[in-house]
Amino acid sequence: MRSLPPIDTTLLKPGLRLAVGLSGGADSVALLRILAGRCGELGLALHAAHLHHGLRGAEADADLAFCRELAAKLGLPLHETRVDTAREARADAKSGKPAETIEEAARRLRYAWFRQLLASGEIDAVATAHTLDDQAETVLAKFLRGAWTEGLAGIHPVLEFPEGRIVRPLLAATHAEIETYLRELGQDWREDTSNRHLTFTRNRIRRELLPLLEGWNPRLREHLAHMAALARDEEAWWQSELARLVPQLLLPGRPARGGGRAAGEGLGAGLAIEVNRLAALAPALQRRLLRCAAEQFGAALDFVATEAVRSLALSGRAGQKLALPQGLRAERTARELRLAVGPGIPPKEERAGAPLSEYSVPIPGEIEAPAFGLRLRVEVSGSAAANGGPNGRSDFLGKAATLRNWKPGDRVRLRHSSGPRKVKEVLERLRVTGTERAVWPVLEVDGRIVWMRGVELEPEPGPGLAIQANFTGESGANSPQPAKAKHR
């Protein structure tokens, strides 16, 4: 009997005109074959949909030809279109928005096209072939970026849009189950060679990190998928709880003479929270409420910014102010914490959690850097330490490195990259925002950045440095780091 991967049929209602997002890869081919075999039983009007991303040249053309042939073989209508993902990514960067990776641009274009299909009225829903493996990789990637609970919820089984819904019926199936099913069926599929490129974060997680962690726990993927399910339910509960509490706790505008509040129009006069009422809440609810208030102004607070606002509310003094992302400003009064969008660029002393700190590090040597929440050790590495370099000495011995905040104009050369990159662009790709971004540390020697938090830099030729960074958690700079960076 054929091994059929598990599929969530509760997402599929009789009479549904459903398009399967068909890339030609194993997962989407399996989803199409499963639904094609059961569309009579499930009452589906089945379609296929293929987006050519304008990447990978002849290989992508062959993917399209494969999808056309498969849809024809199954007697299904195929919707197809072509986009220029690389050009769109560049255009988005030129528009002043944060730079997109090719992966991000491809996803944005893919879902925009799905929504166009839904808006056309030809279909009611789109099914994508995300699997349990995709879920595990997503949760782990979000964890590494420092996600809140909503991020750990990972891939949702259903996405609701005004035009219609996108469903993921294969989230309980593993990729191994899918490949077994296709082989038993005698159905081939296409392999995307870009999935082997370790320059993409997702591929490194899939091919390096997850297999390494599974050496500790072989059921890790399953546990990460369970974590996502728990996080989704937790997040749904929090949203319903906030919907109940926010009208009671977030006050519009400012107190008016004689009672009541001068709210003004929209959010022009801001929002306020009575600090005594905030202090009576559990810390988890305090954070949720503050982040929800910031979201009313279109600002997303990271952990560091949230804690800075919470500290201002609970232990600040009247008159203290704080500048936050997206132009948001917080002000403490005798009784309230007030949030509003403030004009202009705030002075340096008002930037939340952004001390302009510098530490001198002797080579070799070790320092504590409380402003960055880290302990940093710098040593001369390898043969340079033993022999003093190729000429009996090391160019670094006896010098001092400078640990400091990054600043505009700084450039680094990432490992495996083709040339120097602006630190600003690297932080945008890491999705570092808010106050955490302002205190992002780099280590400089002789005017050259040899270490940067969160990334691996390309080593220079010749003898160099071994840099060990241990994050203490005393500031916002406590994300996972490469254990050692070498500057040869």
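Each reported figure results from applying straightforward, stated rules to the coordinates on display, with no laboratory input. Everything quoted here is computed from the prediction, not taken from an experiment. Reconstructed Cβ throughout: ideal geometry from the backbone, glycine too, with neighbour counts over all protein chains shown.
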Evaluate the distance, in nm, between pseudo-label points positioned 7 Å from the Cα of Ser120 and of Val341 along their respective Cα→Cβ axes. 3.7 nm
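Kindly put Tyr111, Tyr181 in sequence by how many other C-beta atoms sit within 10 Å of each C-beta, fewest to most. Spell out each step's value before the answer.
Values: Tyr111 17, Tyr181 20.
Ordered by Cβ neighbours within 10 Å, fewest first: Tyr111, Tyr181.
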Distance between Cα centroids, the stretch 37-72 to the stretch 414-454: provide it in whole Å. 40 Å
Given charges at Cβ of Lys, Arg, Asp, Glu: the stretch 268-310 dipole, positive-most of Thr306, Cys292, Asn276: Asn276
Bounding extents of the stretch 160-240 in its principal axis frame from Cα atoms, largest first in Å, are 45, 37, 28
Positive minus negative residues near Leu159 (Lys, Arg vs Asp, Glu; Cβ under 13 Å): +4
Counted charge near Ile123, where neighbours are those whose Cβ lies closer than 14 Å (Asp, Glu -1; Lys, Arg +1): 0
Can you give me the distance in nm between label points at Ser3 and Leu230, each placed 7 Å from the Cα along the Cα-to-Cβ direction? 2.8 nm
Could you give the size of the charge dipole of the stretch 146-188 about its Cα centre, using +1 on the Cβ of each K and R and -1 on the Cβ of each D and E, expressed in debye and rounded to the nearest 20? 80 debye
Within a 10 angstrom radius of the beta carbon, how do Ser417, Ser120 rank from fewest other beta carbons to most? Ser120, Ser417
Using the count of nearby Cβ atoms within 10 Å as a rough guide to exposure, how do Met452, Met227 rank from fewest to most? Met227, Met452
Could you calculate the FRET efficiency of Arg107 with Glu456 from 1/(1 + (r/R0)^6), where r is the beta carbon distance between them and R0 is 25 Å, rounded to 0.05? 0.55
List the chymotrypsin sites (Phe, Trp or Tyr not before Pro) in the stretch 186-248 that DSSP assigns to loop (not H, G, I, E or B) and whose Cβ has at most 11 other Cβ atoms within 10 Å. Which are they? Trp216
Could you give the nm distance between label points at Phe143 and Arg277, where each point is 7 Å from its Cα heading toward the beta carbon? 3.8 nm
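Taking 35 Å as R0, compute the FRET efficiency from the Cβ-Cβ separation of Ser360 and Arg204 and round it to 0.05. Please report the intermediate quantities before stating the final value.
On the way: r = 34 Å, r/R0 = 0.98.
Between Ser360 and Arg204 the formula returns 0.55.
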